[in-house]
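One structure below.
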Amino acid sequence: MAALLMAAACQIGPARAASPGASGASPASRPAHAQALRDFGDPRAGRLAERFWAVEAGRSERPFAIVQFGDSHTASDAFTAGLRVGLQQRLGDAGVGWLPPMAVPGQGHQRVNLESQGWRLTSSLDQASDAFPLGGDIASPAQAGAVTRVASWAPDQSPYLATVLVRPGGRSGLFVENPDGRRLPLDGGEPVGGWSYVQVPVRLPFQIVAPAAGAAEVGGIWLRRADTSGALVSPIGVNGSRQDIWTRWSPGWLDQLRRSGSDLVIIAYGTNEAFNGQLDPQALAAGLAQGIRQVRQALPEAAVLLLGAPGALDPGKPAALPCGERGVPMHETVKRVQLDVARQEKTLYWDWEAAMDGDCPMLDWQARGWVGPDLIHFTQEGYRESSRRFYRALMNFFERSRGRR
């Protein structure tokens, strides 16, 4: 089923996401009682709200940073793009955030486009390695002159700082080429979790170039504005993945997560787990709980939010069946485990499926043009609508938190 989910990934294109608070949404898209964001006692929930208000008031130069881990719903950036738009309109534009090391099928970003030639991709989706960094992808130059070009979908003359994960460190041979032709070597850097973090000033579009095959590998890119603070929202998703993909990454990925300084970590898996008819709920719960504890160890000041899996129907079942008989085998089990773990581990929680209105949400949303033909993935507008609802729930949570101070 993972292959089906990967094949059905939505097309990624330039950012066209309206603000999550925009009034242009139809009345049907603005239910009277939006699904609330629930706090089961997250020890850093109060700090999260304080960070939001501090950045909005200009009392902090450090960006308000969110990382979301997940499957294809995250990898496309279609959901996180709406959250990014809303937060950056309110707090300021701190930049792009996390990018994979090269163009990866099924992964995309609504702010920038990656094009790669001459690189070989190694993915944690189908193998384990002690080398996999945060994100679980490694780009290796397969030929001399291998290049990855990072370009903005819209005109952008802003100065950026690019932090590139390079392995091994020292004199890598790799370099970044800016639009003016200036070349900056990706040498030295700060050792973090088995990789070197090399920071260079860039403007879009820029290129990462390997002059020779077999040169150093690239594990990812952090791209932040050099001239302003504000909000950063980073989707770190692997198309077709489950949460246990973290076990295939090097232990150093947690050091790399710590380096991000994120204020909120969103964990958004569940769709691929739900298609596993042999799923062990206890193993799922144990793995999810362990993952939350790892995140908190890496980022002790960050809040953690579990995003309940969205709705899904089994595309292999006849359309004539009632909605209740077309469900995915373990969907309700996965949702129950996620909610139980959120309570047990005292996290924040938002139920994506419950935020979708209608007696049969996936069919109702498909009728509106918000769900694709596979009844698993959303259309671009469906992801934007989902993101609007999540953004409103997050803003309501911050308002309630301020009222309690």
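The values are calculated or read from the model by the stated rules, or taken from the named source; none is laboratory data. Given the structure is predicted, the values throughout are model-derived calculations rather than measurements. Glycine gets a Cβ as well: all are built from the backbone with ideal geometry, and neighbour counts include every protein chain shown.
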Q. What is the one condition in (1) under 26 Å from Gly261 (Cα atoms); (2) part of a strand (DSSP E or B); (3) within 25 Å of the chain's Cα centre (by Cα) that Pro133 does not satisfy?
A. (2)
Q: Tell me which of these Ala128 doesn't satisfy, since it passes every other one: (1) part of a loop (DSSP other than H, G, I, E, B); (2) modelled with pLDDT of 95 or more; (3) in contact with a Lys or Arg (Cβ under 7 Å, 6 or more places away or on another chain).
A: (2)
(Q) Between a residue in the range 354-369 that is on the phi > 0 side of the Ramachandran plot and any residue that is in a loop (DSSP other than H, G, I, E, B) and not hydrophobic (A, V, I, L, M, F, W, C), which pairs come within a Cβ distance under 7 Å, given they are 6 or more apart or on different chains? (A) Gly369/Thr379
Q.
Taking the conditions exactly as written (in the same structural domain as Ala146 (by TED's automatic domain parsing), β-branched (Val, Ile, Thr), assigned to a strand (DSSP E or B) and crowded, with 23+ Cβ neighbours inside 10 Å), does Ile221 satisfy them or not?
A. yes
